[in-house]
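Working notes, structure below.
The values are calculated or read from the model by the stated rules, or taken from the named source; none is laboratory data. Values in this document were obtained by computation on a predicted structure and should not be read as measured data. Heads up, the Cβs are rebuilt from the backbone with ideal geometry, glycines too, and the neighbour counts pull from every protein chain shown.
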Amino acid sequence: MNTVLCSTSDIPDPGSKAFQLEHNNEILDIFVIHKDGEFHVFINSCPHTGVNLEWQEDQFLDAEQSFIQCASHGALFEIATGHCIHGPCAGDRLTPINIEIIDNTIILLI
Ligand code: FES
């Protein structure tokens, strides 16, 4: 089933935003990164300990806005792939969610 998430204009470029939604009777914590005109969506769970990644509300990017950064121990993840390239979970990855953009709306393919 596809799920409408939000409008593409809801997230600045570069920028990020967290969402909680109900899916299969469970609460799904996810976040969206908007960078260089592209959108990437991941489960909001660090592969190191499973905690949420943001350091402030809706803040998932590092200071240079080049990587996703976990607030707990500083792991860095590639925006396009979710692969961890630095930190305690290097070599692991965030769980991506496939999306489609239709009429400026982000649709989750879940
Ligand atoms: S919990 Fe994310 S780096 Fe440790």
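Any idea how many residues of segment 82-97 are more than 11 Å from the ligand (Cβ to nearest atom) and more than 16 Å from His34 (Cβ to Cβ)?
5
Which pairs have Cβ atoms under 9 Å, sit 6 or more apart or on different chains, and link a residue in segment 64-75 that is closer than 16 Å to Phe31 by Cα to one that is at pLDDT below 95?
Gln69/Trp55; Cys70/Trp55; Ala71/Trp55
Considering only segment 21-65, state which residues are aromatic (Phe, Trp, Tyr) and either within 16 Å of the ligand (Cβ to nearest atom) or over 19 Å from Ile99 (Cα atoms) (or both). First the steps, then the outcome.
Narrowing segment 21-65 to residues aromatic (Phe, Trp, Tyr): 31, 39, 42, 55, 60.
Listed by number, the residues that qualify are Phe31, Phe42, Trp55, Phe60.
Of Glu54, Glu22, Glu38, which residue is among the charged types (D, E, K, R), within 13 Å of the chain's Cα centre (by Cα) and more than 18 Å from Arg93 (Cα to Cα)?
Glu38
Go through segment 1-20 residue by residue and tally those that are of a type in the set (A, V, I, L, M) and within 16 Å of the ligand (Cβ to nearest atom).
1
Hey, which of the strands (runs of 3 or more DSSP E) in segment 6-98, taking only ones fully inside, have at least 1 residues that are surrounded by 13 or more Cβ atoms within 10 Å (Cβ to Cβ) and charged (D, E, K, R)?
Details: elements: 15-23, 26-35, 38-43, 67-69, 76-78, 84-86.
The strands (runs of 3 or more DSSP E) meeting that bar are 15-23, 26-35, 76-78.
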